[in-house]
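The values are calculated or read from the model by the stated rules, or taken from the named source; none is laboratory data. Quick caveat: nothing in here was measured; it's all calculated off a predicted structure. Backbone-built Cβ (ideal geometry, glycine too); neighbour counts: all protein chains shown. To get the accessible areas, we keep the full protein, side chains included, count just its heavy atoms, and leave off ligands, DNA and RNA. Shrake-Rupley method; radii C 1.70, N 1.55, O 1.52, S 1.80 Å.
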Amino acid sequence: MNGRYEKLMTDKPELFYNSGEKETIHIITDPEFIAKVEKQTGREAGIVFEDDYIRLLRDAVIFPDGSAGTYIRIVPRAEESAVAVLTVIGGKILLLRHYRHSLRKAVWESPRGFGEHGLTAEENVRKELEEETGICGAEMTFLGKIYPDSGLTSGLVNIYLAELQPEIKFRKNDEAEAISEYRLVTPAQLKELAEAGEMCDGFTLSAAALAVMKGKLMLN
């Protein structure tokens, strides 16, 4: 166990909370027990990697069956949640063709981004919308929250709906953001893209689903 991990336990005890309930994965915090698990598994527990955005942790744990081992998780560095915004302009949904390094290709998606320290969720979403589209002053509606991948990361995403009139102008071809194209689609066309496998972005699909459930969007 490295010293940074031990300090994180002290500074952020909520990251190592154990409820005591059955059928949970218990995080081991006792240094001697951690050392025993490290020797048993041949893996060091601790902070595997960290930068300005995330920490990759390998925890020593006890699984529900009583066995001990290690488990990887990603914890966002910012306390503020990430954000995504379904942007509707004159009844049509704005999609961005955004190159994603992890996928090594461009995909269609809604504007989104990491949470920035010191900003509220709505301030974050307005900042991301302006950075990626140039749009300011949209009417915002909070749709809900999602865990995009609860099996890997504790990151939470606040989802918003931005509604604008059709005459609004948005910026195109923002190379700094690796955005190559913008398009407006009807809700029915978004559904068709999803059915055809051309819309796979989880944030956009979640935002559309939340908007439908809250009566803010009709797909037909």
Exercise for the section: Would you point out which residue out of Ala82, Ala35 is farther than 26 Å from Ile159 by Cα, surrounded by 14 or more Cβ atoms within 10 Å (Cβ to Cβ) and hydrophobic (A, V, I, L, M, F, W, C)? Expected result: Ala35
Practice task
For the range 24-61, enumerate the residues that are of a type in the set (Lys, Arg) and either closer than 29 Å to Ala78 by Cβ or touching a helix residue (DSSP H, G or I) at 6+ places or on another chain (Cβ under 7 Å) (or both).
Solution key: Arg43, Arg55, Arg58
Practice task
Would you mind stating whether Glu177 is more than 19 Å from the chain's Cα centre (by Cα) and either open to solvent by less than 90 Å² (accessible area, probe 1.4 Å) or over 27 Å from Leu56 (Cα atoms) (or both)?
Solution key: no
Fill in the blank from the handout: Taking first residues from the range 22-44 that are on the phi < 0 side of the Ramachandran plot and second residues anywhere that are of a type outside the set (A, V, I, L, M) and in a helix (DSSP H, G or I), the pairs with Cβ under 8 Å that are 6 or more apart or on different chains are Ile27/Phe16; Thr29/Phe16; Pro31/Glu6; Glu44/Glu38
Exercise for the section: Evaluate the following for Val125: is it in contact (Cβ under 8 Å) with a residue 12 or more places away in the chain and under 22 Å from Ile54 (Cα atoms)? Expected result: yes
Handout entry: Some residue of the range 112-123 being within 16 Å of the chain's Cα centre (by Cα) and either on the phi > 0 side of the Ramachandran plot or in a strand (DSSP E or B) (or both)
Key = yes
Completion exercise
Listed by range, strands (runs of 3 or more DSSP E) wholly within the range 132-220 having at least 1 residues that are among the β-branched types (Val, Ile, Thr) and farther than 17 Å from Ile93 by Cβ are 139-146, 157-164
Practice task
Tell me, yes or no, whether the range 39-57 has at least one residue that is of a type in the set (Ser, Thr, Tyr) and at pLDDT 95 or above.
Solution key: yes
Handout entry: When residues of the range 154-202 are limited to those that are hydroxyl-bearing (Ser, Thr, Tyr) and modelled with pLDDT of 95 or more, the one nearest to Tyr53 (Cα to Cα)
Key = Tyr160
Handout entry: Close pairs from the range 104-121: first more than 25 Å from Lys92 (Cα to Cα), partner of a type in the set (Asp, Glu) and modelled with pLDDT under 95, Cβ under 8 Å, at least 6 apart
Key = Gly115/Glu79; Gly115/Glu80; Glu116/Glu80; His117/Glu79; His117/Glu80; Gly118/Glu80; Leu119/Glu80; Thr120/Glu80
Completion exercise
Residues in the range 85-111 that are open to solvent by 30 Å² or more (accessible area, probe 1.4 Å) and either within 18 Å of Ile146 (Cα to Cα) or not in a strand (DSSP E or B) (or both) total 6
Handout entry: Failed item in (1) open to solvent by less than 60 Å² (accessible area, probe 1.4 Å); (2) modelled with pLDDT of 95 or more, with Ser19 passing the rest
Key = (2)
Problem - Of residues in the range 184-208 being of a type in the set (Gly, Ala, Ser) and within 20 Å of His98 (Cβ to Cβ), the one most open to solvent (accessible area, probe 1.4 Å) - result: Ala196
